[in-house]
Amino acid sequence: MEETKVSAEKQLDFNIINASLDKLEEENRVLGGSVVRLEEENAMLREMFNNANNELANLKKPALLVADVTSIDKDKAIVKLPNGNKFYSYIAQELNDVQAGDAVLVDQKSLNVVQRLDVNNNLEVEKFVILEKPSESWKEIGGLKKEIQEVKEVIELPLKKPKLFERIGIQPPKGVLLYGPPGTGKTLLAKAVAHSTNATFIEVVGSELVQKFIGEGAKLVKEIFALARSKAPAIVFIDEIDALAAIRMDTGTSGEREVNRTFMQLLAELDGFKPLDNVKIIGATNRLDILDKAIIRPGRLDRLIEVSLPDEEGRLDVLKVHVRKMNLQSVDVKELVGVMEDFSGAEIRAVCTEAGYFAIRENREFVMQDDFVKAIEKVKFLEEEEGAGRIFG
Ligand code: ATP
């Protein structure tokens with residue numbers, strides 16, 4: 001009896017110990033979880049601390065200067081700072097691909113080149129040019145049959161059928177120069193050939209290159225061609241090319257030197273690509289007389305196409321293009337072109353717009369002969385007011 005009592009008490013103690021052990025184990029597990037969480041938090045805080053430390057260290061570093069490399073001499077470069085000062089600087093050893101024309105980062109104190117800026121990241125050029133896939137087709141050009149034919153041969157055919165030129169064994173021109181009075185359709189021709197070849201159309205205005213982006217002209221020219229290559233097939237249309245390529249007066253002014261540098265870069269780019277690369281250049285000018293002949297030398301823009309004011313037949317063709325969508329009543333287009341002597345394509349288009357306005361003013365939804373007569377007078381008057389320069393073009 002006594003024995004049974006002792007064993008029952010022992011069993012009870014044993015159960016109590018077991019329960020305590022279970023509790024301790026549970027507590028241990030919970031604590032284990034907390035330790036893991038605390039360790040994770042610790043690692044996170046350590047990372048945040050390191051980041052903050054790095055950021056602080058970066059903020060304390062002096063900023064690097066952005067400069068342009070104008071020439072290279074073995075492991076040294078002549079770099080030009082934005083203020084125009086030039087320095088003869090060391091190039092960091094690991095930078096073995098720095099070239100003249102590159103944008104680089106230089107140390108503020110030593111002015112040595114420490115990093116090359118990736119041109120693509122630095123390419124702001126897309127902001128300065130018009131980049132489009134034009135919708136103008138050959139049908140939208142009135143007259144200019146001979147000119148269209150030539151542009152097709154020189155620009156369209158090599159872009160569409162380069163193999164043909166390889167088989168025949170001739171090299172097509174790299175580009176053409178369109179010259180003639182304002183508003184005669186030079187830009188229109190360039191856009192239409194871009195449309196027919198599904199090429200990217202990159203338009204730059206020569207005067208803007210040298211006036212708006214002072215000190216940047218040569219670099220922009222380089223970047224425009226890099227952009228054209230990356231978007232090929234592409235057509236680079238340089239309007240007012242005379243602003244870059246006029247015969248230089250050698251006045252020795254800094255503006256003159258800048259234009260010269262930009263022009264030299266343009267020549268270098270023209271020389272640098274192959275005739276069958278699918279990038280073509282179309283230059284346009286109203287002033288062939290002042291153009292530096294270097295630009296039209298063989299291998300450059302050596303095909304010259306004159307785009308003159310339309311004759312009577314040409315004017316009729318242009319007028320027909322522009323009245324195609326107009327609601328006309330009793331209009332004799334032949335009679336109209338007879339009194340539009342010396343009108344350019346742009347002026348003929350302006351006549352159509354003005355005639356439409358005369359109709360609107362009289363609350364009509366169709367345009368009559370008299371609207372055109374008044375519009376022609378108005379355009380003539382505006383041109384005379386303006387003097388020699390044409391306002392429609
Ligand atoms: P600029 O020398 O002033 O740059 P441009 O010769 O490049 O002038 P465009 O810009 O092509 O002239 O012409 C201006 C507008 O005039 C065109 O958008 C078009 O509407 C009209 N135009 C000019 N020529 C023609 C043409 N032959 N056929 C139809 N439209 C024309």
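The values are calculated or read from the model by the stated rules, or taken from the named source; none is laboratory data. Since this is a predicted model, take the numbers as computed values, not measurements. For neighbour counting, all protein chains shown are included, and Cβ atoms are generated from backbone atoms with ideal geometry for every residue, glycine included. When the accessible area is computed, the model is the full protein with side chains, heavy atoms only, and any ligands, DNA or RNA have been set aside. Shrake-Rupley method; radii C 1.70, N 1.55, O 1.52, S 1.80 Å.
Computed from Cα positions, the angle between helix 369-386 and the longest principal axis of the chain comes to roughly 80 degrees. Annotation: ILE130 carries an accessible surface of approximately 90 Å², with a 1.4 Å probe and no ligand, DNA or RNA atoms counted.
Backbone geometry of the stretch 348-357 corresponds, through the Karplus equation with coefficients 6.51, -1.76 and 1.60 at θ = phi - 60°, to 3J(HN,Hα) couplings of 5, 5, 4, 4, 4, 4, 4, 4, x, 5 Hz, x marking Gly and Pro. State whether the stretch 66-117 is rounded, prolate or oblate according to the following rule on the C-alpha gyration tensor (a ≥ b ≥ c being the square roots of its eigenvalues): a/c under 1.5 gives rounded; otherwise a/b larger than b/c gives prolate, and the remaining case gives oblate. Rounded, since a/c falls under 1.5. Report, in whole Å, the centroid distance computed from the Cα atoms of the stretch 176-205 and the stretch 24-39. A separation of 77 Å, based on Cα centres. Within the accessible surface of the chain, defined with a 1.4 Å probe on protein heavy atoms only, the carbon and sulfur portion equals 52 percent.
So, for the chain, what is the accessible surface per residue at a probe of 1.4 Å, expressed in square angstrom? Don't skip to the end; give the middle numbers.
Details: 23370 Å² over 393 residues.
Averaged over the residues of the chain, the accessible area is 59 Å².
Largest accessible area first, the residues LEU382, LEU301 order themselves as LEU382, LEU301 under a 1.4 Å probe with ligands, DNA and RNA left out. Springs between Cα atoms under 10 Å define the GNM used for the chain, and in it the highest mean-square fluctuation of SER110, SER71, SER308 occurs at SER110. Heavy-atom accessible area for MET264, with the other protein chains in place and a 1.4 Å probe, reaches approximately 90 Å².
Using heavy atoms of the protein chains and a probe of 1.4 Å, the accessible area assigned to ARG46 is about 140 Å².
Report the net charge of residues surrounding SER34, where surrounding means a beta-carbon distance below 14 angstrom and charges are Lys +1, Arg +1, Asp -1, Glu -1. If you can, show how the numbers build up before the last one.
Details: positive: ARG29, ARG37; negative: GLU26, GLU27, GLU39, GLU40, GLU41.
With Lys, Arg at +1 and Asp, Glu at -1, the neighbours total -3.
Close amide H pairs (under 5 Å, H built 1.01 Å from N) link PHE273 with no residue at least 5 positions away or on another chain. For THR70, the residues 5 or more places off, or on other chains, whose built amide H falls under 5 Å of its own are ILE78, VAL79, LYS80, GLY101. Remark: relative contact order (the stretch 312-392) = 31 percent; criterion is Cα-Cα distance under 8 angstrom and separation of 6 or more residues. Sites listed here are GluC sites (Glu not before Pro) in the stretch 300-341 whose DSSP assignment is loop and whose Cβ has at most 13 other Cβ atoms within 10 Å: GLU341. Across the stretch 133-140, coupling constants 3J(HN,Hα) worked out from phi with the 6.51/-1.76/1.60 Karplus curve, θ = phi - 60°, read 10, x, 9, 5, 10, 4, 4, 7 Hz, and Gly and Pro carry x. The listed residues MET368, MET44 rank as MET44, MET368 when sorted by accessible area, largest first, using a 1.4 Å probe. When the Gaussian network model of the chain links Cα atoms closer than 10 Å, the mean-square fluctuations of GLN11, GLN93, GLN171 top out at GLN11.
I want the local charge near ILE295. Using Cβ-Cβ distances under 10 Å, sum +1 for each Lys or Arg and -1 for each Asp or Glu among the other residues. Don't skip to the answer; put the middle values down first.
Values: positive: LYS293, ARG297, ARG300; negative: ASP242, ASP292, ASP302.
Net local charge, ILE295 excluded: 0.
Can you compute the helix-only [θ] at 222 nm over the chain? Use -39500 (n - 2.57) per DSSP H run of at least 4 residues, normalise by all residues, nearest 500 deg cm²/dmol. All intermediate terms of the calculation are to be shown ahead of the outcome.
Working: 14 runs with 189 residues, N = 393.
That calculation yields -15500 deg cm²/dmol at 222 nm.
The C-alpha atoms of the chain define a longest principal axis, and helix 217-230 lies at about 80 degrees to it.
Note that the stretch 278-384 shows a convex hull volume over its alpha carbon atoms of 139 Å³ per residue. Under a Cβ-Cβ cut-off of 12 Å, what is the net charge of the residues other than GLN369 that fall near it, where Lys and Arg count +1 and Asp and Glu count -1? Surrounding charge for GLN369 is -2.
Note on the chain: Cα-Cα pairs beyond 41 Å make up 42% of the total pair count. The phi torsions of the stretch 195-201, fed into the Karplus equation with coefficients 6.51, -1.76 and 1.60 and a -60° offset, translate into couplings of 5, 5, 9, 6, 8, 6, 9 Hz, rounded to whole numbers, with Gly and Pro shown as x. Once backbone amide H atoms are built at 1.01 Å from N, ASN278 has no partners under 5 Å, excluding neighbours fewer than 5 places away on the same chain.
Note on the stretch 1-93: with charges restricted to the Cβ of Lys and Arg (+1) and Asp and Glu (-1), its dipole about the Cα centre is near 1300 debye.
Here the stretch 103-245 is treated as a sphere whose radius is the Kirkwood value from Cα pairs; by Stokes-Einstein at 25 °C and 0.890 mPa s it diffuses with a coefficient of 143 µm²/s. Each Cα pair under 8 Å and six or more residues apart adds its sequence gap; the mean of these over the residue count of the chain is a relative contact order of 14 percent.
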